[in-house]
Amino acid sequence: MTEAFLSIENLSARVAAIGTPILRSVSLKVIPGETHGLVGESGAGKSMIGKAIMGLLPRAIEITEGEIWLEGRNLLDMKRGERRRIIGAQTAIIPQDPLTALNPSRRIGPQMTDRLTHILGWAERKAQVRALGLLEEVHIRDPKRVMHSYPHELSGGMRQRVLIAAAFAAEPKLIVADEPTTALDVTVQKQILRLIAELKAHHETSLLFVTHDMGVVAKICQRVSVLFSGRIVEQNEAASIFSNPGHAYTKSLIQATPRYDRPDESLLPVDPAILEALDREIATHDRQQGTADG
Amino acid sequence: MVDRHKLPMRLWLSGTWITLFVAAALFAPFIAPHDPLAQDLLYTNLPPVWISGSEPGYYFGTDSLGRDVLSRLIYGARIALVVAVIAGGGACLIGSVLGLFAGFFRGWTDVLISRVVDIWMAFPPVLFAILLIAVLGTGLHSVIIAIIVIDWTRFCRVIRAEAMQQSRMEYVESALVVGRGRFGTMLVEVLPNIIPAIGVLLSLEMGIAVIVEAILSFVNLSLSSDDATWGGMIAEGRTVIYHAWWILVFPLVALFLTVLSFSQFGEGLKERFDPVLK
Ligand SMILES: Nc1ncnc2c1ncn2[C@@H]1O[C@H](COP(=O)(O)OP(=O)(O)O)[C@@H](O)[C@H]1O
Ligand SMILES: [Mg+2]
């Protein structure tokens with residue numbers, strides 16, 4: 001058994017002021033080189049898991065228990081500065097919305113090299129050379145011009161390519177891709193997906209791939225965690241999840257998957273009865289937690 | 001989109017007037033045909049040159065003490081510019097810095113600053129101004145200090161909201177992850193995106209500062225009426241409006257155009273920059 005690079009154990013989080021649970025005892029492991037899919041409906045808490053790893057949870061949300069291990073060290077035990085350094089050197093995010101992920105008033109170049117110069121302490125020139133190389137790797141035709149551009153001069157797809165390049169620039173060991181294609185046109189989505197897979201293979205990075213699209217999971221993930229309302233309801237090899245989904249919710253997610261080969265086909269919505277059953281299940285779980293704690 | 005076309009016009013016109021205004025202020029000694037303070041009791045209440053009874057060389061006529069109206073207008077621009085730059089700039093600097101800190105750092109910094117702003121804004125501004133000048137004594141210094149002390153909150157509120165909105169952007173988060181400190185992130189990632197908003201507010205505030213100074217001159221709380229200020233000229237012209245209208249009308253028009261230009265310039269900037277940033 002390979003040592004996990006990232007291991008989240010029993011992570012629970014809630015809205016501090018009102019106690020609403022956001023994550024409920026989430027455990028998941030990402031081993032080196034693996035692509036781990038994190039699926040679930042919008043609002044399930046997928047982004048919160050990514051943010052918890054990065055130490056970027058909104059102020060309103062507090063972690064109540066659990067551990068996040070990165071290369072054998074618990075991030076939640078560390079001082080903020082040390083944690084930032086490790087996070088900055090070892091991980092990166094490919095964000096959902098390429099529009100808000102780039103600063104409109106700064107040129108692309110410096111935004112790409114920030115991490116290299118600040119965290120890795122590279123000289124500016126060396127960082128620029130690396131950034132140019134990566135822009136070529138993401139198939140940007142005129143990397144010099146793009147480095148000098150402002151974000152609004154680039155299309156959505158181009159911006160996402162830039163962000164992918166930036167994510168891989170410091171050779172992180174783990175990349176969290178948070179629905180990296182959701183904000184893009186369908187035609188661009190496929191290219192971006194292929195690009196991520198390509199760079200991931202080339203750089204031998206582990207990938208935590210957040211999506212609500214089972215079709216994408218089927219294409220690129222080795223293992224999958226299915227999240228519902230902050231709780232992991234199923235976790236398995238991607239292959240077996242598709243051939244033999246263990247949970248009714250997973251099954252309905254698979255049925256609700258858009259098919260690129262048959263885009264006009266109407267989708268089956270997730271059966272409300274399944275959702276209700278899940279809600280009940282989680283309520284029971286919360287009560288048990290409550291009695292266990294008290 | 002319709003505004004696309006009108007837009008440069010608005011900036012153009014207001015920008016032209018502001019340029020003239022600034023040039024007049026800066027080069028007053030070279031442009032003004034006469035000494036603005038020199039009285040000539042042989043030439044009182046002369047009309048502008050295009051009206052019969054005028055004297056050549058007194059283009060906009062003279063006032064009741066025989067002082068050249070055009071020269072006083074030009075020198076009046078100096079005072080207006082000083083007030084616009086120092087009072088407007090001062091309020092802008094204090095308000096924007098505090099607003100930026102409050103909006104970016106949140107937490108107790110924000111609580112503290114926002115409380116102060118709330119309390120500050122509870123004072124009625126006119127009373128506040130008169131009170132301040134009563135304490136500080138009349139004069140240009142007092143007027144400038146009063147404007148800064150009263151109007152910084154205007155900047156603070158808006159810039160705080162802008163900074164807060166900007167701070168929620170993902171690039172701010174990722175700047176923190178890539179190891180820029182909080183302070184550096186504020187300066188590099190947040191501040192540049194707020195500068196257009198600051199520019200808009202500053203332009204509006206400069207107009208406000210000019211008119212506030214004029215009003216305070218008018219009620220004799222600013223410079224003495226011997227000095228060439230637009231407000232003082234208006235106050236004086238008011239008393240002789242029926243037989244020497246020009247003494248009132250020219251400074252009034254100058255004041256109106258200047259204040260209008262500052263506000264239109266601000267609005268123009270807002271329209272110009274919003275589509276790029278939002
Ligand atoms: N700042 C916040 N304060 C309180 N609740 C939040 C905040 N941000 C997100 N949430 C809640 O956290 C839950 C999970 O959100 P998120 O992780 O963004 O979902 P998704 O799976 O779509 O990425 C949602 O129910 C959302 O309402
Ligand atoms: Mg999300």
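The values are calculated or read from the model by the stated rules, or taken from the named source; none is laboratory data. All values derive from a computational prediction rather than experimental measurement. Using ideal geometry, Cβ is built from the backbone for each residue, glycine included, and neighbour counts are taken over all protein chains shown. Please note that ligands, DNA and RNA were not included when accessible areas were found on the heavy atoms of the full protein model with its side chains. Shrake-Rupley method; radii C 1.70, N 1.55, O 1.52, S 1.80 Å.
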- Note on the structure: In degrees, nearest 10, the alpha-carbon axis of helix B:230-239 is tilted away from the dominant principal axis of the alpha carbons of chain B by 40 degrees
- Note on the structure: Taking alpha-carbon centroids only, the stretch B:70-119 lies from the stretch B:121-182 a number of Å equal to 5 Å
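Report the relative contact order of chain A, percent, no decimals, based on alpha-carbon pairs under 8 angstrom and at least 6 residues apart. Mind showing how you got there, number by number?
Values: 486 pairs, mean separation 67.4, N = 294.
Here the relative contact order equals 23 percent.
Just how large is the dipole of the protein assembly as shown about the Cα centre, in debye to the nearest 20, putting +1 at every Lys and Arg Cβ and -1 at every Asp and Glu Cβ? Intermediate results must be reported in sequence, preceding the final value.
Values: 53 positive and 56 negative charges, 173 e Å.
That gives a dipole near 840 debye.
Dipole magnitude of the stretch A:130-182 about its Cα centre, charges +1 at Lys/Arg Cβ and -1 at Asp/Glu Cβ only, in debye to the nearest 20?
Details: 7 positive and 7 negative charges, 35 e Å.
For the stretch A:130-182, the charge dipole is close to 160 debye.
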- Whenever you get a sec, compute what percent of the accessible area on chain B sits on carbon and sulfur atoms (1.4 Å probe). 72 percent
- Between the residues B:G57, A:I31, B:L216, the Cα farthest towards the positive end of the dipole of the protein assembly as shown, that dipole coming from +1 and -1 charges on the beta-carbon of Lys, Arg, Asp and Glu, is from A:I31
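With runs of 4+ DSSP H residues as the only contributors, calculate the mean residue ellipticity of the protein assembly as shown at 222 nm using -39,500 (n - 2.57) per run, divided by the residue total and rounded to the nearest 500. Mind dumping the intermediate values first?
Working: 23 runs with 323 residues, N = 572.
Helices in the protein assembly as shown give a 222 nm mean residue ellipticity of -18000 deg cm²/dmol.
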- Item | Relative contact order %, the stretch B:4-273, counting alpha carbon pairs below 8 Å whose residues are six or more apart | 25 percent
- Hits among aspartates and glutamates - C-alpha to C-alpha of A:K126 under 17 Å, sequence gap 8 or more where chains match: A:D114, A:E136, A:E137, A:E171
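Which GluC sites (Glu not before Pro) in the stretch A:1-92 pass both tests, a DSSP loop state and at most 13 other beta-carbon atoms within 10 Å? Intermediate results must be reported in sequence, preceding the final value.
Working: sites: A:E3, A:E9, A:E34, A:E41, A:E62, A:E65, A:E67, A:E71, A:E82; in loops: A:E3, A:E34, A:E41, A:E71.
Here the sparse-neighbourhood loop sites are A:E3.
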- Message: Which residue fluctuates most in the GNM of chain B (Cα springs below 10 Å): B:L131, B:L201, B:L191?
- Response: B:L131
- Whole-number D in µm² s⁻¹ for the stretch A:1-78, Kirkwood Cα-pair radius fed into Stokes-Einstein, 37 °C, 0.692 mPa s: 252 µm²/s
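Over the stretch A:1-46, what is the mean sequence separation of C-alpha contacts under 8 Å (at least six apart), divided by residue count, expressed as relative contact order in percent?
Values: 58 pairs, mean separation 17.0, N = 46.
Result for the stretch A:1-46 is 37 percent.
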- Task: Any chance you could give the angle, 0 to 90 degrees and rounded to 10, that helix B:191-218 forms with the longest Cα principal axis of chain B?
- Result: 30 degrees
- Rolling a 1.4 angstrom probe over the protein heavy atoms, how many square angstrom per residue are accessible across the protein assembly as shown? 48 Å²
- Message: Going Cα to Cα from A:K29, which lysines come in below 17 Å? Please leave out same-chain ones fewer than 8 positions away.
- Response: A:K46, A:K51, A:K173
- Message: Give me the extension gain from B:S224 to B:T19: residue separation times 0.36 nm, minus the current Cα-Cα distance, reported in nm with one decimal.
- Response: 71.1 nm
- Task: Compute the separation of the alpha-carbon centres of the stretch A:84-101 and the stretch B:193-229 and state it in Å as a whole number.
- Result: 46 Å
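Ignoring ligands, DNA and RNA, what percent of the accessible area of chain A is carbon or sulfur (1.4 Å)?
Details: 6990 of 13870 Å².
Carbon plus sulfur share of accessible area: 50 percent.
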- Task: Take the alpha-carbon positions of the stretch A:6-289, form their convex hull, and give its projected area averaged over all directions (one quarter of the hull surface) in nm².
- Result: 15.7 nm²
- Query: Relative to the first principal axis of the alpha-carbon coordinates of chain B, what is the inclination of helix B:140-167, with its axis defined by its Cα atoms, in degrees from 0 to 90 and to the nearest 10?
  - Reply: 30 degrees
- Take the stretch A:138-229, compute every pairwise Cα distance, and split them into 10 Å bins from 0; I just need the percent in each bin. 14, 48, 31, 7, 1
- The whole-number value in µm²/s of the Stokes-Einstein translational diffusion coefficient for the protein assembly as shown, with Rh from the Kirkwood sum over alpha carbon pairs at 37 °C and 0.692 mPa s, is 116 µm²/s
